[in-house]
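Bear in mind these aren't lab numbers, they're just calculated from the coordinates by the rules spelled out. The shown structure was predicted, so the numbers you read here are calculated from the model rather than taken from an experiment. Counting neighbours? That spans all protein chains shown, and the Cβs are built from the backbone with ideal geometry, glycine included.
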Amino acid sequence: MTYCVGMLLDAGIVMLSDTRTNAGMDDVSTYRKMFIFEDPGERVLTIMTAGNLSVTQTVISRIEEAAEDPEATEKTSILLAPTLFQAIEIIGNVLSDVASDIAAKVRRMDQATNATASMIIGGQRRNGRMHLYRLYTEGNFIEATEDTPYLQIGEHKYGKPILDRVVTPKTSLEDARKAVLLSMDSTLRSNLSVGMPLDYVLMKKDDCKVTRQDRIEADDEAFKAMSDAWSQALRDSFAAVP
């Protein structure tokens with residue numbers, strides 16, 4: 001499984017994903033689920049994926065191939081689309097087509113594999129607004145709003161409570177980083193199908209590029225200290241409740 005979370009804030013966008021795809025007694029696989037497409041200063045899009053790995057890898061490969069095609073047009077390349085909305089439509093069409101193709105092949109082989117996937121896509125183009133979308137297998141999507149400034153895919157239930165309580169559009173980028181990491185920490189503790197390392201991206205408003213990118217490994221001391229401090233704070237708060 002997986003857990004990915006993105007926040008759309010007044011100051012920018014933060015996005016965080018895990019890298020685990022299988023979890024079992026002797027079968028743990030790690031794959032990158034965060035992919036960046038940028039023309040620095042002009043536009044940036046970060047995509048996080050969840051679901052059937054064959055679907056998501058094929059979609060990303062097709063998007064990369066289209067973006068690198070010397071004959072690409074604004075209807076085929078997300079780096080040439082006039083608006084971010086049209087770029088999302090391109091990705092949605094690719095996702096829908098790939099999922100349909102793989103589902104048809106699976107049915108012909110009489111297998112019960114689930115050919116579904118979802119994505120979170122955030123970014124900005126020069127002179128445009130920042131946007132954060134959740135994309136579904138069918139190619140349709142929803143957008144983060146001022147009322148709901150964050151989106152999740154995968155094992156979202158464990159990390160949702162802290163986001164509901166602390167995140168607003170005015171949340172600072174520093175606090176947003178803390179919030180997504182603690183949201184991920186809660187998920188890691190409660191679900192073995194989500195695992196380290198973690199991929200983090202920050203895109204500041206109007207930078208139109210990746211401002212900060214980190215990979216957080218399992219032995220990261222700062223993450224461990226934050227996790228321990230949060231656990232202690234919860235225990236202290238629980239003890240203080242009448």
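Considering only the other residues whose Cβ falls under 11 Å of the Cβ of Met48, what net charge follows from Lys and Arg at +1 and Asp and Glu at -1?
+1
Beyond 24 Å between alpha-carbons counts as too far, so tell me which of Lys33/Lys170; Lys33/Lys160; Lys157/Lys224; Lys160/Lys224 fall in that bin.
Table pairs above 24 Å Cα-Cα are Lys33/Lys170.
If I build a Gaussian network model for the chain, linking alpha-carbon pairs within less than 10 angstrom, which residue out of Ser96, Ser29, Ser77 has the largest mean-square fluctuation?
The residue with the greatest mean-square fluctuation here is Ser29.
Which of the trypsin sites (Lys or Arg not before Pro) found in the stretch 68-134 are loop residues per DSSP with 14 or fewer other Cβ atoms within 10 Å of their Cβ?
In loop regions of the stretch 68-134 (DSSP not H, G, I, E or B), the sparsely surrounded trypsin sites (Lys or Arg not before Pro) are Lys75, Arg126, Arg129.
Roughly how many debye, to the nearest 20, is the charge dipole of the chain about its Cα centre, given +1 on each Lys and Arg Cβ, -1 on each Asp and Glu Cβ, and no other charges?
460 debye
For the chain, the longest stretch holding no GluC sites (Glu not before Pro) located in a DSSP loop with at most 14 other Cβ atoms within 10 Å is which?
147-216
If contacts are Cα pairs under 8 angstrom and at least 6 residues apart, what is the relative contact order of the stretch 3-237 in percent?
28 percent
For Cα Rg over 2.2 N^0.38 Å, several values are listed as [x] 1.28; [y] 1.19; [z] 1.04; flag the one computed from this structure.
[z]
Please turn the phi angles of the stretch 43-56 into ³J(HN,Hα) values with the Karplus equation 6.51 cos²θ - 1.76 cosθ + 1.60 (θ = phi - 60°), one per residue in order, whole Hz, x for glycine and proline.
6, 8, 9, 10, 10, 10, 10, 8, x, 4, 5, 4, 5, 5
When all alpha-carbon pairs of the stretch 1-82 are counted, what percent fall beyond 19 Å?
Every Cα pair in the stretch 1-82 considered, those over 19 Å come to 49 percent.
Put +1 on the Cβ of each Lys and Arg and -1 on the Cβ of each Asp and Glu in the stretch 103-230; which of Val194, Gly139, Ile216 then has its Cα farthest toward the positive end of the dipole?
Towards the positive end, the residue furthest out is Gly139.
Of Met15, Met130, Met226, which is the most mobile in a GNM of the chain whose springs link Cα atoms less than 10 angstrom apart?
Met226
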